[in-house]
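The next block holds one structure in the form of structure tokens; read it before the comments.
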Amino acid sequence: MEALFLSTSVVALAEMGDKTQLLSFVLAAKLKHRVAIIVGILFATLANHFFAGSVGAWLASFMSPRTVKWVVAISFFAFGIWALKPDKLDENQNLRGTSVFITTLIAFFLVEMGDKTQLATIALAARYDSLTSVVTGTTLGMMIANVPAVWVGEKLTHRINMKVMHWIAAALFIVLGVLALFAPA
């Protein structure tokens with residue numbers, strides 16, 4: 001349960017103002033088919049985070065518990081610093097010529113590659129012994145952050161202080177790094 005809760009919380013906060021959330025705004029504004037966009041986000045996130053979680057679990061199998069502890073802690077500290085840097089989305093994205101679902105699926109999967117939430121999924125899967133809980137939690141966190149972005153669009157960004165959300169996400173990552181250091185190996 002801890003893995004599910006932390007995975008959901010970390011990703012939901014880290015996703016605020018992230019490039020994938022910005023992509024959600026762009027897709028909703030340009031493509032207008034909210035349900036297809038949301039389903040595309042869900043499937044892209046499941047695929048991406050299952051891959052990332054599998055990599056994290058696989059990497060953890062080669063490391064001692066003490067090494068995993070340090071790698072995870074350092075990763076969370078790095079994510080905390082990274083969370084303070086607002087993302088920008090390239091506007092040169094060609095979104096025409098295919099279905100809304102396929103466009104969203106491909107765009108979201110690719111934009112998430114190497115993103116802090118994907119890397120956090122790797123670290124969480126290395127830390128916790130439940131790939132299903134981590135992937136479910138990180139996917140739920142992505143949906144919590146991105147579904148409102150699709151439904152409400154840019155109006156939502158004017159009501160949320162993104163700078164505060166970045167600081168909260170950064171603090172949460174730092175706290176998780178500290179907790180990882182003091183967790184039993």
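The values are calculated or read from the model by the stated rules, or taken from the named source; none is laboratory data. Note that the coordinates shown come from a computational prediction; the quantities given were computed from them, not determined experimentally. Positions of Cβ are generated from backbone atoms using ideal geometry, with glycine treated the same way; all protein chains shown enter the neighbour counts.
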Selected residue (only one of SER99, SER64, SER24, SER9 is under 18 Å from LEU124 (Cβ atoms), modelled with pLDDT of 85 or more and out of contact with any Pro (no Cβ under 6 Å at 6 or more places or on another chain)) | SER9
Of VAL135, VAL111, which residue is under 18 Å from THR20 (Cα atoms), in contact with a Phe, Trp or Tyr (Cβ under 6 Å, 6 or more places away or on another chain) and at pLDDT 80 or above?
-> VAL135
Hey, GLY56 closer than 21 Å to GLY137 by Cα, modelled with pLDDT under 95 and not acidic (Asp, Glu) or not | yes
Name every residue in segment 22-33 that is more than 13 Å from ILE102 (Cα to Cα) and surrounded by fewer than 23 Cβ atoms within 10 Å (Cβ to Cβ), in order of residue number.
-> LEU22, PHE25, VAL26, ALA28, ALA29, LYS30, LYS32
Residue check for ILE122: under 26 Å from ALA47 (Cα atoms), at pLDDT 85 or above and surrounded by fewer than 23 Cβ atoms within 10 Å (Cβ to Cβ) | no
